[in-house]
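The values are calculated or read from the model by the stated rules, or taken from the named source; none is laboratory data. All figures in this text were calculated on a predicted structure; none of them were measured in a lab. Cβ placement follows ideal geometry from the backbone for every residue including glycine, while neighbour counts extend to all protein chains displayed. Side chains are part of the model used for accessible areas, which takes the heavy atoms of the whole protein and leaves out ligands, DNA and RNA. Shrake-Rupley method; radii C 1.70, N 1.55, O 1.52, S 1.80 Å.
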Amino acid sequence: MAGGVGTESFSARTRKSAHRARVALRKSGVDYFRGDGSDWIALAGLLLTVPAIAVGTIASPVWCAPSLLVLPIVAGGLLLRPASLLGLYAAAATALIVESIVLGPYTQGAARVTPGTVLTVAACGFFGLIIAQFRARVGVPWRRGGTMLFDLRERIRVQSALPRLPKNWHSEMALRPAGGQSFSGDFVVAARTNGGSTLEVVLTDVSGKGMDAASRALLLSGAFGGLLGSLPPHGFLPAANGYLLRQDWDEGFATSIHLVLDLDSGDYELLSAGHLPALQLHAGSGRWEEKSGEGPLLGVYDGAQFDPCKGSLAPGDVLMLFTDGLVEASGRDIAEGIDRLTGEADRYVTPGFQGAAWHLIEAVAKDVNDDRALLLICHGA
């Protein structure tokens with residue numbers, strides 16, 4: 001009886017110990033993939049490959065060349081932390097010494113450890129150590145770096161999505177970064193306020209372009225998204241200006257245009273911070289009119305004032321907001337670029353502007369090496 005209880009207790013303890021070991025191993029693997037755990041598993045695996053390559057080289061140096069030791073070194077540069085990487089390098093150096101002793105001097109024949117082999121392995125190790133130290137300083141392991149960038153890009157895209165509008169309204173936006181990159185210095189934040197009766201949209205162009213401006217654009221888009229709707233419309237740009245000034249960036253200015261549109265009446269206000277004017281198409285006359293408020297760039301000086309410009313979108317009217325990358329080019333005046341944009345936009349007056357934003361960028365500024373953004377607001381008849 002007592003023996004049965006003791007045996008059962010021992011079996012239960014064994015199962016619990018095995019379960020804890022499996023959980024710990026699985027947690028270690030997950031943490032390592034996320035970059036939070038120890039790299040001992042990768043280090044152990046790579047340390048085992050070093051003597052395996054050395055044995056293969058000694059047995060058949062023609063098919064398993066001494067330079068194959070660069071493979072675990074390159075893998076270590078991607079997988080290991082700098083301290084662990086030094087241990088792997090010591091093992092690789094030991095393997096090279098053993099290979100050179102067993103195979104003999106390189107002057108006695110081919111497939112031996114030559115000075116070029118040593119230099120190749122050392123160069124790979126040097127660059128691998130630089131990469132590992134950079135990852136350690138940034139704190140983003142290679143296993144998560146690409147995922148993080150993809151997540152950031154998707155967050156920008158989702159945050160720039162325009163809210164759903166009533167049936168008699170249509171809105172669309174197109175954003176094209178410089179150089180075909182995934183990140184842009186232009187961004188949009190939008191929200192419906194006052195119980196959904198007001199549409200507020202802010203189009204911002206951060207100084208710089210492409211990846212140089214992407215990190216600042218990401219930070220500002222989050223901050224501006226939090227400010228929008230939390231402040232009265234006339235308080236948004238002053239608050240945004242103060243936020244940029246507090247960042248104290250070397251290249252910290254931005255242009256911005258803030259649209260406040262009453263979805264019931266079509267009346268709107270435009271507040272501008274050094275941004276290009278908006279363009280309104282009047283359905284009755286078929287003519288485009290420039291509409292812009294008055295205000296300085298964001299992040300230049302404190303206490304800036306932003307005076308609104310008022311207007312109204314009648315049924316059939318279109319309002320177009322854009323950044324300078326769409327109309328500005330070397331050797332061409334901005335007014336000429338605006339004329340070209342309105343000329344292309346006239347083609348969509350009859351068929352309608354659904355899907356026109358992206359096509360306008362393609363027609364006007366397809367290959368421009370600058371960030372481009374275009375926003376269309378249409379009041380249906």
- Item | The listed residue being open to solvent by 10 Å² or more (accessible area, probe 1.4 Å), of a type in the set (D, E, K, R) and under 27 Å from the mean Cα position of the chain (by Cα), out of Asp367, Asp346, Asp307, Asp339 | Asp367
- Message: Only one of Leu129, Leu152 is open to solvent by less than 60 Å² (accessible area, probe 1.4 Å), at pLDDT below 80 and out of contact with any strand residue (DSSP E or B) (no Cβ under 8 Å at 6 or more places or on another chain). Can you tell me which?
- Response: Leu152
- Message: The conditions are (1) exposed (fewer than 13 other Cβ atoms within 10 Å of the Cβ); (2) within 17 Å of Trp169 (Cα to Cα); (3) without any contact (Cβ under 8 Å) to a residue 24 or more places away in the chain, and Gly331 fails exactly one of them. Which is it?
- Response: (2)
- Tally of residues being modelled with pLDDT under 85 and either in contact with a Leu (Cβ under 9 Å, 6 or more places away or on another chain) or crowded, with 17+ Cβ neighbours inside 10 Å (or both) across region 62-83: 5
- Here the residues within region 194-222 that are at pLDDT 90 or above and assigned to a helix (DSSP H, G or I) are Asn194, Gly195, Gly196
- Search result, residues across region 87-114 that are open to solvent by 50 Å² or more (accessible area, probe 1.4 Å) and at positive phi: none
- Query: Which of the residues that make up region 18-61 are loosely packed, with under 14 Cβ neighbours inside 10 Å, under 24 Å from Leu78 (Cβ atoms) and at pLDDT below 70?
  - Reply: Leu25, Arg26, Lys27, Gly29, Val30, Asp31, Phe33, Arg34, Asp36, Ser38
- Message: Can you pull out every residue in region 285-315 that is in contact with a His (Cβ under 6 Å, 6 or more places away or on another chain) and among the aromatic types (Phe, Trp, Tyr)?
- Response: none
- Taking interchain pairs and intrachain pairs at least six residues apart, which have beta carbon atoms under 6 angstrom, with the first residue in region 289-309 and within 17 Å of Thr204 (Cα to Cα) and the second exposed (fewer than 13 other Cβ atoms within 10 Å of the Cβ) and not small (Gly, Ala, Ser)? Gly293/Asp307; Glu294/Asp307
- Query: Given Tyr268, Tyr243, which one is without any contact (Cβ under 8 Å) to a residue 24 or more places away in the chain and surrounded by 16 or more Cβ atoms within 10 Å (Cβ to Cβ)?
  - Reply: Tyr243
- So which of Leu374, Leu326, Leu319 is over 22 Å from Thr198 (Cα atoms) and either aliphatic (A, V, I, L, M) or surrounded by 13 or more Cβ atoms within 10 Å (Cβ to Cβ) (or both)? Leu326
